[in-house]
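Worksheet: the structure to be examined is printed underneath.
The values are calculated or read from the model by the stated rules, or taken from the named source; none is laboratory data. Everything quoted here is computed from the prediction, not taken from an experiment. Here the Cβ positions follow ideal geometry from the backbone for every residue, glycine too, while neighbour counts run over all protein chains shown. What goes into the accessible areas is simple: the full protein's heavy atoms, side chains included, and nothing from ligands, DNA or RNA. Shrake-Rupley method; radii C 1.70, N 1.55, O 1.52, S 1.80 Å.
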Amino acid sequence: MTSSTAGGRLVGVTGVTGGLGGRVARRLADAGVAQRLLARDPARVPDLAGSTVGAMGDGYHDADAMRSALAGVHTLFLVSGGEAADRRDAHVTAVDAAVDAGVAHIVYVSFLGAGPEATFTFARDHWHTEEHIKTRGVPYTMLRDSLYLDVWPHFVGADGVVRGPAGTGRFGGVTRDDIADVATTVLAASSSGDTSHEGRTYDLTGPASISLAEVAAELTIACGQMITYEAETLDQAYASRSAYGAPDWMVTGWVTTYAAIATGELDVVTPTVNELTGHDPMSLAEFLARYPAEVDHLRPT
Ligand SMILES: NC(=O)c1ccc[n+]([C@@H]2O[C@H](COP(=O)([O-])OP(=O)(O)OC[C@H]3O[C@@H](n4cnc5c(N)ncnc54)[C@H](OP(=O)(O)O)[C@@H]3O)[C@@H](O)[C@H]2O)c1
C-alpha cells in the first residue's frame, strides 16, 4: 500500500472503516498525501495508494496501541468515537496518546454548538474533548459539523413517519462528503507545512436551514412514497424510544438530537464549506439525487 508519489508530512487518519474517515482517506490518497490508516481491525482497512496501516488495538481506550500506531505521525485526523457511556475518557486517552507520540496537529471532528450546556447531550462530550485538546497545548483544528443530512432516510419509521421533538425548528444539515472535502483541505495543508488552519474552529453546515417537514417532503420526492413528519413532545419521544431497551444516556442523546433542532441551536448556516473547498455544500435534495440508493428502502414495493 505504499507509493513513491505520496508525500508530505505523515497524516494519521482514524475512522477509516467508517463513513467519514473512509471518505477522507480516499481523498487524501487521490491528493497524493502520505497517510497512516488507523483501525481497530487492520483487515478492514481500505487498500489505498500512499498509505500504511496502524493497528489501534482496542481503539481510543488503548493508550499503548495508539502511541505505537501514531509514531511518526505529524497530523492526526481524530474522528469522534462511537457513542458510549465512557466516550469522554476514550477521547482523552486518544488525545494524550497522540501528544505523547509527538503528533504536531490534531484535527478533531466535533459538533456544531459544542458546549457544556448544549441541548444535544453528545455535543457536551465534544466540548469536553475540545477543551482537553486545548489544555494539552497541541495545535488543533476543530471541525464542528452540523447534523449529517445523510442519516435522515434512515430515521424514517416503518410507517413512513419521521417522529421527534423538533417542533417547527430548522437546522443547517451537512453531508459527510462536504465535511470530508473540508477535512482533506485542512489535512493536506497541514501535511505540506501550512499552519494556517491551526487554532481555528470551523462551523460546517449545508447551504440552507431546513425543517423536518421539509426533510420529509424531500424524501417523498426522492422515494415516491409519502413521508411525513410528526412532532412529538419530549415525554412522547422518550416513551416511543423506550422499547429499544437502550441505556438512558443513549436514549437521551437520540431525543436531544431533535430537541436541539426545536431550540434553534442548530439553525445555523455558514459559508465555511465553500470558503475552504471552493464549492457550495450539497443540499438534501442534491444529496438524494446523487445517492438514490439511500432511499431504496423507502420506495413503494
Ligand atoms: N454530525 C452528525 O450528525 C453525526 C451523526 C452520526 C455520527 N456522528 C459522529 O461522527 C463520527 C463519524 O461518523 P461516521 O459516519 O464516519 O461514523 P461510522 O460510519 O459509524 O464510523 C465510525 C468510525 O469510527 C471508528 N470508531 C468508533 N469508535 C471508536 C473507538 N472507540 N476507537 C477507535 N475507533 C472508533 C469506527 O471503527 P470500527 O469500524 O472499528 O467500529 C469507524 O471507523 C461518528 O463516530 C460520530 O461520533 C456525527
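Scanning region 243-269 for residues that are open to solvent by less than 30 Å² (accessible area, probe 1.4 Å) and among the β-branched types (Val, Ile, Thr) yields a count of 5. Just one residue in the set LEU298, LEU288, LEU276 is over 14 Å from LEU149 (Cα atoms) and in contact with a Cys (Cβ under 9 Å, 6 or more places away or on another chain); that residue is LEU298.
Inside region 121-157, residues that are within 16 Å of the ligand (Cβ to nearest atom), open to solvent by 50 Å² or more (accessible area, probe 1.4 Å), over 21 Å from MET282 (Cα atoms) and not aromatic (Phe, Trp, Tyr) make up a count of 2. The residue list GLY253, GLY264, GLY245, GLY224 contains one member that is touching a helix residue (DSSP H, G or I) at 6+ places or on another chain (Cβ under 9 Å), on the phi > 0 side of the Ramachandran plot and not basic (Lys, Arg), which is GLY224.
If you go through region 236-258 and keep only what is of a type in the set (A, V, I, L, M) and out of contact with any Gly (no Cβ under 8 Å at 6 or more places or on another chain), you end up with ALA239, ALA243, ALA246, MET250, VAL251. Counting the residues of region 270-284 that are part of a helix (DSSP H, G or I), of a type outside the set (Ser, Thr, Tyr), in contact with an Asp or Glu (Cβ under 7 Å, 6 or more places away or on another chain) and buried (at least 16 other Cβ atoms within 10 Å of the Cβ) gives 2.
If you go through region 96-141 and keep only what is in contact with a Phe, Trp or Tyr (Cβ under 9 Å, 6 or more places away or on another chain) and over 26 Å from THR252 (Cα atoms), you end up with ALA97, HIS105, ILE106, VAL107, LYS134, TYR140, THR141.
When region 73-97 is filtered for residues that are small (Gly, Ala, Ser) and buried (at least 24 other Cβ atoms within 10 Å of the Cβ), only ALA94 remains.
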